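Every number in this text was worked out from the coordinates using simple rules, so none of it is lab data. Everything quoted here is computed from the prediction, not taken from an experiment. Positions of Cβ are generated from backbone atoms using ideal geometry, with glycine treated the same way; all protein chains shown enter the neighbour counts.
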Amino acid sequence: MKSDKYLIRQFKKGKAEAFSQIYQHYVERIYRFVFLKTLSKEESEDITSQVFCRLLEYLVGSSKKIKSLQAFLYRVARNLVNDFYRKQGKWGKELALEEEKEIVDDNLKIEEKIDQKLTLEGIKSALENLNDNYKDIIILYYLEELSVKEIADIMEKSEGAVRVLIHRALKELRRKLNQ
């Protein structure tokens, strides 16, 4: 795929297929991020489409440059998920799960549990009581496999602060999984 900056320039020059390439590159990742935070297929689809609508509106209506397209998309997704929960009043409440997958051995380290993709129910249970920053860090770092720098851009924090958050989130997640 061509660089994000190149595709943005092409889109602003009137080449609509550039937006399509951006969409194709990011849609699954943004959907997965949103789904792991909402655990609702319908809401995840709606929020994901809103993310790309916001990108389109921003590209058409603003002369400001986007430093990191990936950071912009995840930041918008994160904000929309927060808005969804604020409107619904469902912080931490049960939401329907679509499917279950195999549970991995409890003796594995936390990183291995995440890498082997715990069941959606297991992920939900483990992440449910973490604060939002910890949830985001776990999803972005371990499931989306983004770098510390990329996460720092998304969360608008320093790389040092992100490293500390990863450490604290992992410690808290371990504690939750061992309860």
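Counting other Cβ atoms within 10 Å, keep those with at most 12, restrict to DSSP loop, and tell me which GluC sites (Glu not before Pro) in segment 124-160 are left. Mind showing how you got there, number by number?
Values: sites: Glu128, Glu144, Glu145, Glu150, Glu156, Glu159; in loops: Glu144, Glu145, Glu156.
In loop regions of segment 124-160 (DSSP not H, G, I, E or B), the sparsely surrounded GluC sites (Glu not before Pro) are Glu145, Glu156.
Apply the Karplus parameterisation 6.51 cos²θ - 1.76 cosθ + 1.60, with θ equal to phi minus 60°, to every residue of segment 157-174 and state each ³J(HN,Hα) to the nearest whole Hz, in sequence, with x for glycine and proline.
Taking θ as phi minus 60°, the curve returns 10, 6, 4, x, 5, 5, 4, 5, 4, 4, 4, 5, 5, 5, 4, 5, 5, 4 Hz for segment 157-174.
When the distances between all Cα atoms of segment 1-91 are binned every 5 Å from zero, what whole-number percent does each bin get?
Each 5 Å bin holds this share of Cα pairs: 3, 14, 25, 24, 16, 10, 6, 2, 0.
With each label point set 7 Å from Cα along the Cα-Cβ vector, what nm distance links Lys87 and Arg9?
Between Lys87 and Arg9, the simple spin-label model gives 3.7 nm.
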